[in-house]
1. When the Cα atoms of the chain are enclosed in a convex hull and the volume is divided per residue, what value in Å³ results?
2. Calculate the radius of gyration of the Cα atoms of the range 15-94 to one decimal place, then report Dmax, the largest Cα-Cα distance, as a whole number, both in Å.
3. Check Thr110: other-chain or 5+ apart residues with amide H under 5 Å from its amide H, H built from backbone geometry?
4. So, how do all the Cα-to-Cα distances of the range 81-162 break down into 10 Å bins, in percent, from 0 on up?
5. Only Cα pairs under 8 Å and at least 6 apart count here; give the relative contact order of the range 28-136 as a rounded whole percent.
6. Taking H placed 1.01 Å from N in the peptide plane, check which residues at least 5 places from Ala32 or on another chain put their amide H under 5 Å from its amide H.
7. At a threshold of 8 angstrom on Cα-Cα distance, excluding pairs fewer than six apart, so keeping six or more, what relative contact order does the range 114-177 reach in percent?
8. Would you mind listing how long the range 65-110 runs along its three principal axes, going by Cα atoms, in whole Å with the largest first?
Amino acid sequence: VVVLIIYESVYGNTREIAEAIVDGVTAAGNQAKAIPVADAPALPDADLLIVGGPTHLHGLTTSLSRRMAVKAAEEDGHRVEPTAGDEHGLRQWLRVLPPRDGQRAAAFDTRGDASAALTGSAARGIARRLRRHGYTVIDVESFLVDDSEGPLHEGELERARSWAAQLVSVFDQARRI
Ligand SMILES: Cc1cc2nc3c(=O)[nH]c(=O)nc-3n(C[C@H](O)[C@H](O)[C@H](O)COP(=O)(O)O)c2cc1C
């Protein structure tokens with residue numbers, strides 16, 4: 001199974017999850033690559049597409065929320081990802097994603113450690129947009145940060161690896177039927 005992970009990340013937490021997903025997929029003998037959305041191909045070519053980003057203001061990032069995030073990092077002396085200041089994020093990439101009939105996909109986000117009703121979830125918005133473009137979304141998951149700039153909550157990298165391995169195994173079984 002060939003898996004492509006397209007992610008957005010300001011502080012690096014979502015990138016770490018994306019990398020853990022790569023580990024989880026490849027440990028099970030499959031191929032995986034994680035690409036920041038700034039470098040993402042317009043037409044993703046993979047058996048399974050996984051898209052993830054940070055939750056900003058209850059949903060996907062906006063150019064305003066990205067600027068807010070970068071400004072907060074400047075004030076705190078926290079590092080940001082090389083493409084964090086980009087004008088375009090997942091929202092723009094998903095908007096022009098070419099339609100694919102029934103292609104399998106999954107969505108994830110990072111967000112605060114509280115009920116999704118309080119925090120909102122970028123993954124839900126990502127899943128909705130993928131479905132709108134004809135993708136069949138087989139799972140939606142959130143990974144939690146202890147604070148806005150991180151770190152990830154303890155155990156989340158391990159959970160991301162297991163989630164990815166499980167996802168690929170379910171995908172593979174469905175494909176064989
Ligand atoms: C401008 C801004 C808005 C945010 N809004 C939310 C929110 O509505 N809900 C939430 O759970 N976390 C929120 N957060 C925390 C982010 O989810 C957190 O920074 C992100 O998961 C870290 O991912 P990254 O390191 O990949 O950027 C916000 C953070 C920023 C900077």
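Rule-based calculations on the coordinates, nothing more; no lab input. Model, not experiment: these values are computed from the prediction. Every residue, glycine among them, receives a Cβ derived from its backbone with ideal geometry; neighbour counts consider all protein chains shown.
1. Each residue corresponds to 105 Å³ of Cα convex hull volume.
2. Here Rg and the maximum Cα pair distance are 14.2, 43 Å.
3. Counting only residues 5 or more places away or on other chains, the set is Gly53, Thr55, Phe143.
4. For the range 81-162, the binned pair fractions read 16, 40, 36, 8 percent.
5. The normalised contact order for the range 28-136 reaches 38 percent.
6. Val3
7. 19
8. Here the Cα extents, ordered largest to smallest, are 45, 20, 16 Å.
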